[in-house]
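A quick write-up on the structure given underneath.
The values are calculated or read from the model by the stated rules, or taken from the named source; none is laboratory data. Everything numeric here is computed off the predicted structure, so don't read it as measured data. Cβ placement follows ideal geometry from the backbone for every residue including glycine, while neighbour counts extend to all protein chains displayed. For the accessible areas, the whole protein counts, side chains as well, though only heavy atoms, and no ligand, DNA or RNA atoms are used. Shrake-Rupley method; radii C 1.70, N 1.55, O 1.52, S 1.80 Å.
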Amino acid sequence: MRPTIACRPLGPLLPIEGCVLAIALMLASGCAVAKGSTASSMVQPEQHAQPILLADASPQATPPATSSDSSPDEPFDPFAKSDVEGMEEYDPWEPLNTKFFEFNRQLDRWILKPVAKGYNFVVPNVVQVGVSNVFYNSRVTPRLLNNLFQGKFKGAGIEAGRFLINTTVGIGGFFDVAQRFNLTTPEEDTGQTLGFYGVKPGPYLMVPLLGPYTVRDLIGYGGDIVLNPIYWLIVPVMHNIDAIPTVVDVEEQAATYAISLAARATEIVNDRSLNLEKFQGVEESTLDLYAAVRNAYLQKRAKAIRE
């Protein structure tokens, strides 16, 4: 739940301008990870994440959950052969994807990484982990609903229990108290739900500013945004629907956009800071980083759908 700022915007946004700004903001905001990790851009934190800028050469982690075929902490080998029979790296747009990948990589090198280093110098690691926990806790709705969509009622119950415990005892999700009670479940998103019902992944994509996806997962990414009620606060048309509650007046939309962007920027920098050393090792030891990221991402998503 975001605080609102008692200030008035410089001027009212026209309906079209407001919609365009809202759509751009949502695309820059993410959910996931996602996402995840989440839903950082290049390597995600150990607990949970979503795509942010570049790509993940290690698995998008979720709260530890038991698995019959691997340990929760077992990293993906970017060059390992997939254990999914028939899985192929379908990348027909590779020439364009490699350009976007390099764009993201340079953006990380010259902007995100230096900022994350300064942030890491100032902010203690325990606070960074807590901030990551808060953002993960705020994205409970898409995870819970996608558990229900897939008939995973136990997972939905665990998500609800985690949210209640961490929001109260864990002080707004800053502390992952639920994990101490072994309340953990694999993270579910709309892309996985589509895969659960047989939708094929489609071509591999490298999206500027966001990172790796398949066509199916990019559509699912948009679905996760729609399912997250937090984003209803920043979509102008939602404020005209009486059935949808909102704590933000139409006149305060500009302040809402600013708060949303600031929160997203904080999450990006925080997640990148948590993974400074991790990605450094991956980058230095990998000759073809693009292929490694693609392989790791496709393995990770295939495994997530099997679970």
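What number of residues within segment 143-192 are over 26 Å from residue 127 (Cβ atoms), open to solvent by 20 Å² or more (accessible area, probe 1.4 Å) and modelled with pLDDT of 95 or more?
Number of matching residues: 12.
Is there any pair with a first residue in segment 88-113 that is of a type in the set (Phe, Trp, Tyr) and a second that is in a helix (DSSP H, G or I) and open to solvent by less than 70 Å² (accessible area, probe 1.4 Å) whose Cβ atoms are under 7 Å apart and which are 6 or more apart or on different chains, and what are they?
Going by the 7 Å Cβ cut-off, the qualifying pairs are 101/290.
Out of the helices (runs of 4 or more DSSP H) lying entirely within segment 193-307, which hold 1 or more residues that are at pLDDT 85 or above, touching a Leu at 6+ places or on another chain (Cβ under 7 Å) and among the basic types (Lys, Arg)?
215-227, 253-274
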